[in-house]
Amino acid sequence: MCGIVGYIGRRDATPVLIQGLKRLEYRGYDSFGIATVGSAIEVYKKTGRISEGESGAVDLHGCTGIGHTRWATHGEPNDINAHPHTDCTGRIAVVHNGVIENYGELKRQLQGRGHTFQSETDTEVIVHLIEEHYDGDLLSAVSASLPLLKGSYAILAIAEDTQQIVAARDASPLVLGVGDAEVFAASDMTPLLEYTERVIYLEDGDVADLTHDHFAIYHGGLKVERPVELINWCVEDTRRGGFAHYMLKEIYEQPQSFYETTRASINDHVRGMVMETGEITLVACGTSYHTALIFKYLAESLCNIPVRVEMGSEFKYFTPPLHGLVIAVSQSGETADTIAALKMAKARNCPTLAITNMQGSTVTRVADETLLMRAGPEIGVAATKSYTAQLAALMQIVNLRCEGAFDDTLSHAHLAIGDVLLQDVREAVTLCSKAEHVFFVGRGAFYPVSMEGALKMKEISYVHAEGYAAGELKHGPFALLTAETPVVAICTPGPTYGVMASNIKEMKARKAPVIALGVAGDTELAEIVDIFIPIPNTHLLVQVLTASIALQLLAYHTACALQRDVDKPRNLAKSVTVE
Amino acid sequence: MQAVILAAGEGGRLRPLTRSKPKAMLPVANRPIIDYVIDALLENGIRDIVVVVGYRKEEVIRHLNRLDAPIQVVVQERQIGTADALRAAESEITDNFLVLPGDNYINAESIARIRGERNAMLVAEHPNPSNFGVVVIRNGLVREIIEKPEEAPTFTVSTGVYSFTPDVFSYLQTTEIPDALAAMIASGRRIRAIPADDWQDAIYPWDLLKLNSRMLKWITPEIGGTVDASVIRRGTVHIGTGTTVGPNTVIYGPVTIGNNCNIGPNCVIMPDVSIGDRVVLEPFTYVADSLIMSDVTIGSHSRIVSAVFGQGCILADHTTTYPSASFIEVGGRVQKEEFGAVLGDGVRAAPFTTFKNCIAGNSVTIEGGKTVVGLIEDGTRVM
């Protein structure tokens, strides 16, 4: 969601900040702004996207500055509500990611004391609070203001007469990048990759004082040391190269991200956790929820362990009796709902494991142990390679419980993934791009695969799509079938084949055009359906992957045919960091 | 000086190996052919490189993104010819430039010879000129290019490497570059023919073996991974990281082995062998003069000689490739060439299979210990 970036050092701050914000674009935003310390505080903010030549158009001065991309929560997206926000005197500027829950009350108090508010945002209370405490020492002014705030925040603050940035975080992500006589701060490491590979992950409650050649971190008023860690990502991974979209690039990186993730060794603590537990609960949101559901089907049928899957956002509304291992699945590791659910599980003394793509993210700090996906940075808003990497991590857990029964299957899965990427889905794309509604149906583990296929279709092509368990179709949705609603059915050999095939015939009888995913060489199925998309005939674990990827290709090419902004779908943010 | 590398074509005569990647991406000595071309350009200080991609472009783009050089990519939507491919790059061209095929080996010295020229082409002598554009030269100037003639008047062929000025685009009337050259010659332009120093193409799958043994001369010795102390190595041997070489294995270079392979114990790898990543050679297997791509598994007691194996082949124990020569029709021409086997991606063979001068398509399955000969179509199941 919102992204923040700060720079202090020897370069002109404006281009570094604009470039950094562009790297954070993928988090989703509707307005942006930067502020620098020149001869005074200079602010530039604007509604809309950052254009190519933006840094040339921004005429701000100084080597110290902060920037922000805003995904509106409090107050509509406009130039006034965009960050940075300044105090009454214009001497202090602040950017903020998170939500201040008690801002209404604080705002009334501050207004009572004579402060004038310009925007409708919750953030503006922070800068007025700092103003009240400011007497030339920004660090102590920020530190004094923080205890008054309730909610989540990552804050960067600058003031007029000092070359310094004060950073603070609580329950919102913030990392520092340490360069050569320059220091960076950002919501995640993607903007830093170009300048440094040394990062510091701040802890909740940390306040950092940054100058160009020095940084100090305080926690509860005491100076603390935080380890400097090396990032193993490289900046090439965040470039689109010759691909039309990041999403396409990431779709084609899936053989590698799957392979790297299954090859990564699992430490003994995680191994112990997985082997000892009598049941597993997964909490996840969005695409991660679908991977968790797939895991449920696989783990329950293949390793005979009870698995429950809960949406992070609903978890807190019931008080489930929790026993055994709780796994939180989140690409960004910052999904607020998932983290809240994980904290509940911890409070009940359950062992907790995080599966995430972001080393050092919040979820890794909350959970007892972490299983890191090796997907590399994912920039496209629609999850693709992180989805397969999540499945890789979860399948590794299945394999562990089955004592390595699927070693061979998993080590060759990347070949089947590579195979399905060669698949031509144009015919199906023609059908879907003309449709108003598309249904995705499957049975067993392919039911969540259908849900994921529908989600991809919805989020990037804006074609209304729903995923159903094939058996549920007749309990209502069948009424919606017409000759204009294509159905995408997944029908592969196994216990579900016969009944899926008869479901398909029922749909055909209602004149619905059927696109079927089946294994290569299944001529019988190819004959009864309108369009047949073959996937390699392999083990169930791999079929789940290849079917999902065929559906990604279908959604991607449909979105392209409809000329959608694939990498930045409307209204969506990459990681949902507010509840 | 700029350079345009043409890497859009499939290389249909190299099927079944070009199923998942274009010819320019086929690995030779464990590096895609296009890397050798890019290296030769960089050695000449030419850094402004445009690559035209088309067939299986994602594979090429992903690879180019990983290189250090800042490479511009343009897409040729339909692969209808070299001139059309060049036109795709027109918007990127501002200066005199070189055109190079991305799927032929060319060395830096050859490029040094042509880089100063305004309109010129690199030519080479070839024993089978009728697979190429045959060039008729008079006084060091190109008189005529005859494309793939039945009867070639000379042994001098075009290497497909040209040096042009930006106004060449006005001569690109048809879909092929040689037609544009003919038009330039007709309008009185002088096109110099410059002999290449070192150049090699692979037209047919078995040509890859020659190219492979040639490229293996340039590998650097390196031992990553875990190599047992009892392993005997001679010559230049490159072993990637994460690879395990078991006891009593003998490796005679030049041999290159990729990452995360599992070799031996008791294997013999003779000269001129390239082995990709994640390859498994089970005990007591012998490999010589072969190009084995990634994810291949070869069972124990196998004898692999003069073979090209595509990605992900799984061959059970006692597999033999037996070099011999018989008549095979490839790309409309009947060929007779000695080699053991060319296997596409994902070929599976049961124990005791013998491949004898065999080209097996992608995903062919051989059941039962058979001797298979000649051409087998993609997806065939040999019972």
Filter pass, B:R66 being without any contact (Cβ under 8 Å) to a residue 40 or more places away in the chain, within 19 Å of the chain's Cα centre (by Cα) and at the interface with another protein chain (Cβ under 9 Å from one of its Cβ atoms): no
May I ask you to say which residue of A:A392, A:A454, A:A428, A:A416 is assigned to a helix (DSSP H, G or I), over 30 Å from A:V270 (Cβ atoms), touching a helix residue (DSSP H, G or I) at 6+ places or on another chain (Cβ under 7 Å) and among the hydrophobic types (A, V, I, L, M, F, W, C)? A:A428
Restricting attention to segment A:195-220, which residues are of a type in the set (S, T, N, Q) and more than 24 Å from A:G333 (Cα to Cα)? A:T211
Note on A:K46: of the conditions (1) basic (K, R); (2) part of a strand (DSSP E or B); (3) surrounded by 21 or more Cβ atoms within 10 Å (Cβ to Cβ), unmet is (3)
For segment B:342-375, what are the residues that are buried (at least 22 other Cβ atoms within 10 Å of the Cβ) and part of a strand (DSSP E or B)? B:V342, B:L343, B:A349, B:F355, B:N357, B:C358, B:I359, B:A360, B:I366
Can you pull out the residues in segment A:92-119 that are surrounded by fewer than 16 Cβ atoms within 10 Å (Cβ to Cβ) and in contact (Cβ under 8 Å) with a residue 40 or more places away in the chain? A:E101, A:N102
Would you confirm whether or not segment B:12-26 contains a residue that is closer than 22 Å to B:S274 by Cα, modelled with pLDDT of 90 or more, away from chain A (no Cβ under 14 Å) and surrounded by fewer than 18 Cβ atoms within 10 Å (Cβ to Cβ)? no
Just one of the numbered conditions (1) in a helix (DSSP H, G or I); (2) under 30 Å from B:F309 (Cα atoms) is not true of B:D84; which one? (2)
Looking at segment A:325-353, which of its residues are out of contact with any Ser or Thr (no Cβ under 8 Å at 6 or more places or on another chain) and more than 13 Å from A:T370 (Cβ to Cβ)? A:A340, A:A341, A:K343, A:M344, A:A347, A:R348, A:N349
On the given criteria, is A:G521 more than 26 Å from A:S386 (Cα to Cα) and outside any loop (DSSP other than H, G, I, E, B)? no
Select from segment B:287-311 the residues that are within 14 Å of another protein chain (Cβ to nearest Cβ) and not in a loop (DSSP other than H, G, I, E, B) and write down the one among them that is farthest from B:K23 (Cα to Cα). B:T297
Please pick out the residue among A:D368, A:D424 that is over 27 Å from the mean Cα position of the chain (by Cα), of a type outside the set (S, T, N, Q) and surrounded by fewer than 24 Cβ atoms within 10 Å (Cβ to Cβ). A:D424
If B:I33 satisfies every condition in (1) crowded, with 20+ Cβ neighbours inside 10 Å; (2) hydrophobic (A, V, I, L, M, F, W, C); (3) farther than 22 Å from B:T165 by Cα; (4) within 14 Å of another protein chain (Cβ to nearest Cβ) but one, which is the exception? (4)
Residues (out of contact with any Ser or Thr (no Cβ under 7 Å at 6 or more places or on another chain) and either under 20 Å from B:A120 (Cβ atoms) or within 14 Å of chain A (Cβ to nearest Cβ) (or both)) located in segment B:92-104: B:E92, B:I93, B:T94, B:D95, B:F97, B:V99, B:L100, B:P101, B:G102
Is there a residue in segment B:73-89 that is at pLDDT 90 or above, within 11 Å of another protein chain (Cβ to nearest Cβ) and in contact with an Asp or Glu (Cβ under 8 Å, 6 or more places away or on another chain)? yes
Counting only residues in segment A:119-145 that are outside any helix (DSSP H, G or I) and of a type in the set (G, A, S), the one farthest from the chain's Cα centre (by Cα) is identified as A:G136
Quick test for you: out of B:V227, B:V279, pick the one residue that is aliphatic (A, V, I, L, M), within 21 Å of the chain's Cα centre (by Cα) and over 30 Å from B:S158 (Cβ atoms). B:V279
In segment A:451-483, how many residues are out of contact with any Lys or Arg (no Cβ under 8 Å at 6 or more places or on another chain) and either on the phi < 0 side of the Ramachandran plot or surrounded by 18 or more Cβ atoms within 10 Å (Cβ to Cβ) (or both)? 20
So which of A:E160, A:E124 is crowded, with 24+ Cβ neighbours inside 10 Å, under 18 Å from A:A35 (Cα atoms) and of a type in the set (D, E)? A:E124
Residue count, segment A:407-445 (criterion: within 12 Å of chain B (Cβ to nearest Cβ) and in contact with a strand residue (DSSP E or B) (Cβ under 7 Å, 6 or more places away or on another chain)): 2
Selection count, segment A:204-244, where residues are within 14 Å of chain B (Cβ to nearest Cβ) and not in a helix (DSSP H, G or I): 8
Answer with yes or no whether A:G65 is modelled with pLDDT of 90 or more, assigned by TED's automatic domain parsing to the domain that holds A:P15 and either not acidic (D, E) or not in a loop (DSSP other than H, G, I, E, B) (or both). yes
Could you tell me which of the residues B:V51, B:V60 is buried (at least 23 other Cβ atoms within 10 Å of the Cβ), modelled with pLDDT of 90 or more and assigned to a helix (DSSP H, G or I)? B:V60
Of the residues in segment B:46-62, those that are more than 10 Å from every other protein chain (Cβ to nearest Cβ) and not charged (D, E, K, R) come to B:I46, B:I49, B:V50, B:V52, B:G54, B:Y55
Name the single residue, out of those in segment A:300-336 being within 12 Å of the chain's Cα centre (by Cα) and not small (G, A, S), that is surrounded by the fewest Cβ atoms within 10 Å (Cβ to Cβ). A:E334
Would you tally the residues in segment B:272-286 being under 25 Å from A:D408 (Cα atoms), out of contact with any Lys or Arg (no Cβ under 8 Å at 6 or more places or on another chain) and part of a strand (DSSP E or B)? 4
Can you tell me which condition A:Q563 does not meet? The list is (1) over 30 Å from the mean Cα position of the chain (by Cα); (2) exposed (fewer than 14 other Cβ atoms within 10 Å of the Cβ); (3) over 28 Å from A:S288 (Cβ atoms), and all the others hold. (1)
Kindly evaluate A:T384 against the criterion of being closer than 26 Å to A:P306 by Cβ and either touching a helix residue (DSSP H, G or I) at 6+ places or on another chain (Cβ under 6 Å) or in the same structural domain as A:V99 (by TED's automatic domain parsing) (or both). no
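The values are calculated or read from the model by the stated rules, or taken from the named source; none is laboratory data. Just so you know, these numbers come straight off a predicted model, no measurement behind them. Counting neighbours? That spans all protein chains shown, and the Cβs are built from the backbone with ideal geometry, glycine included.
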